[in-house]
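Structure first, then comments.
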Amino acid sequence: MQILKRLLAARGTPAVVVALLVALAAGGGYAAASGGGHTITACVQKKSGVLYIAKKCHKGDGKLSWNSSGPAGPQGPAGPKGSAGAKGTTGPTGAGTAGPTGSTGAAGSTGATGAAGSTGGTGSTGATGSTGSTGATGSTGATGPTGPTGPTGSSTIIS
């Protein structure tokens, strides 16, 4: 703090303030690039009041240090959901070759009986068959009943 008071009281105060602002901006950029949260060190040349950033100040120069970031603030609300991205391109076909054909599977079970079909039309008459051989003689039939008596005839005497 004493160095800052001396800088403001020096002859080239506007130049020193500009140099300080440039150093702060450069230091802030350096801290952001290096991950933030680090202490930034600047050196002040006692004779000219020029600021420069270094890991170690030259002998006789003043040293300024500050932190590039303060404590973390509270977490903000979640942002709106983003829109869906574009559809990606189709990937390449696989490099492998097709495998061998598998063996035939087992026979399935018998299906259900189908419904009866309609009756077909009458067919045409077939050709006449050849005459068959003569059959065996049959047995004698039973005697029939006696018939009625016939009329009496005339008698003639022949001599």
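The values are calculated or read from the model by the stated rules, or taken from the named source; none is laboratory data. Given the structure is predicted, the values throughout are model-derived calculations rather than measurements. Positions of Cβ are backbone-derived with ideal geometry, glycine not excepted, and every protein chain shown enters the neighbour counts. When the accessible area is computed, the model is the full protein with side chains, heavy atoms only, and any ligands, DNA or RNA have been set aside. Shrake-Rupley method; radii C 1.70, N 1.55, O 1.52, S 1.80 Å.
Restricting to the stretch 57-71, give me the number of residues that are more than 12 Å from HIS38 (Cα to Cα) and within 60 Å of the chain's Cα centre (by Cα). Quick ask: steps written out before the conclusion?
So in the stretch 57-71, the residues more than 12 Å from HIS38 (Cα to Cα) come out as 57-64, 71.
After this cut, where a residue has to be within 60 Å of the chain's Cα centre (by Cα) as well, the list is 71.
Within the stretch 57-71, residues that are more than 12 Å from HIS38 (Cα to Cα) and within 60 Å of the chain's Cα centre (by Cα) number 1.
Kindly indicate whether any position in the stretch 119-130 is in contact with a strand residue (DSSP E or B) (Cβ under 7 Å, 6 or more places away or on another chain), among the hydrophobic types (A, V, I, L, M, F, W, C) and open to solvent by 60 Å² or more (accessible area, probe 1.4 Å). I'd like the intermediate steps shown before the answer.
Residues of the stretch 119-130 in contact with a strand residue (DSSP E or B) (Cβ under 7 Å, 6 or more places away or on another chain): none.
No: the stretch 119-130 contains no residue that is in contact with a strand residue (DSSP E or B) (Cβ under 7 Å, 6 or more places away or on another chain), among the hydrophobic types (A, V, I, L, M, F, W, C) and open to solvent by 60 Å² or more (accessible area, probe 1.4 Å).
In this structure, does THR149 turn out to be out of contact with any His (no Cβ under 9 Å at 6 or more places or on another chain), of a type in the set (S, T, N, Q), open to solvent by 100 Å² or more (accessible area, probe 1.4 Å) and at pLDDT 90 or above? Even if it seems obvious, please write down each step before you answer.
Values: out of contact with any His (no Cβ under 9 Å at 6 or more places or on another chain): yes; of a type in the set (S, T, N, Q): yes; open to solvent by 100 Å² or more (accessible area, probe 1.4 Å): yes; at pLDDT 90 or above: no.
Judged against the criteria, THR149 is not a match.
For the list (1) over 30 Å from ILE40 (Cβ atoms); (2) open to solvent by 100 Å² or more (accessible area, probe 1.4 Å); (3) within 45 Å of the chain's Cα centre (by Cα), I need the number of the one condition that GLN75 fails.
Going through (1) over 30 Å from ILE40 (Cβ atoms); (2) open to solvent by 100 Å² or more (accessible area, probe 1.4 Å); (3) within 45 Å of the chain's Cα centre (by Cα) one by one, GLN75 breaks only (1).
Kindly indicate whether any position in the stretch 94-102 is hydrophobic (A, V, I, L, M, F, W, C), in a strand (DSSP E or B) and under 60 Å from the mean Cα position of the chain (by Cα).
no
Give the stretch 50-68 a look and list any residue that's in a loop (DSSP other than H, G, I, E, B), closer than 17 Å to ILE40 by Cβ and open to solvent by less than 60 Å² (accessible area, probe 1.4 Å), or say none.
Matches in the stretch 50-68: ALA54, CYS57, ASP61, SER68.
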